[in-house]
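See structure below.
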Amino acid sequence: QPTHSSALPPVSEWPQLETADPIVFGVRRTRRLPGESPLPPYVSRDCDRELDTRVREAVRSGGLVVVTGAPLSGKTRTAWAALSANLPGATRVFAPPPGTDLRGLAALARGRGEESCVLWLDDLEGHLGEHGLTPTVLAELARLRVPVL
């Protein structure tokens with residue numbers, strides 16, 4: 001049973017997309033080779049165009065975008081590529097650990113001013129439940145135009 005932490009950092013402390021480390025956000029690193037980037041090169045997929053459209057719509061209107069696929073098929077890398085391609089680099093990204101109490105997230109988002117932000121949930125199952133991403137929290141974030149990936 002996960003412990004529910006209620007300490008949410010303010011939006012201004014969330015990393016910006018352009019400087020965020022994708023590995024920290026769940027993208028699997030490549031094999032360690034001297035001189036090679038730990039971030040695997042992105043291989044385009046058939047779903048990219050549709051995913052880009054859905055991410056742009058979530059940015060405009062709020063909402064949840066879920067990427068599904070087989071284990072180790074590149075879901076997180078694909079979602080990160082869509083995020084990077086469709087949101088400004090200054091966008092703040094919050095990736096709470098599983099079990100984080102998300103009930104106060106909408107209040108934080110309301111107080112963010114003009115900053116754009118996104119909620120990044122790499123493993124959705126770890127963020128569901130009465131203290132996690134509930135229909136109420138998701139609806140509040142959608143009203144505030146905070147996309148959830």
How large is ³J(HN,Hα) for each residue in the range 85-97, as worked out from phi by the Karplus curve 6.51 cos²θ - 1.76 cosθ + 1.60 (θ = phi - 60°), to whole Hz, x for Gly and Pro? 7, 10, 10, x, x, 7, 4, 7, 10, 10, 10, x, x
Which is farthest toward the positive dipole end of the range 11-148 among L87, V65, C47, measuring Cα position about the Cα centre, with Cβ charges +1 (Lys, Arg) and -1 (Asp, Glu)? C47
The long-range amide H neighbours of T30, using H built 1.01 Å from N in the peptide plane and a cut-off of under 5 Å, are L39
Short version: ³J(HN,Hα) in whole Hz for each residue of the range 39-49, in order, from phi by Karplus 6.51 cos²θ - 1.76 cosθ + 1.60 (θ = phi - 60°), x for Gly and Pro, what are they? 7, x, x, 7, 9, 4, 10, 4, 7, 4, 4
Residues whose modelled amide H sits under 5 Å from the amide H of L121, counting only those 5 or more places away in sequence or on another chain, are L149
Normalised contact order of the chain, rounded percent, pairs of Cα under 8 Å and 6 or more residues apart: 35 percent
Quick one: S84, S44, fewest Cβ neighbours within 10 Å first, how do they rank? S44, S84
Alpha-carbon Debye profile of the chain, log10 I(q)/I(0) at 0.12, 0.13, 0.15 Å⁻¹: -0.49, -0.58, -0.77
For the range 63-149, the Rg and Dmax computed from alpha carbons only, in angstrom: 12.8, 38
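Every number here is computed from the coordinates shown, using simple stated rules; none is lab data. Keep in mind it's a predicted model, so treat the numbers as computed, not measured. All Cβ positions, glycine included, derive from the backbone under ideal geometry; neighbour counts span all protein chains shown.
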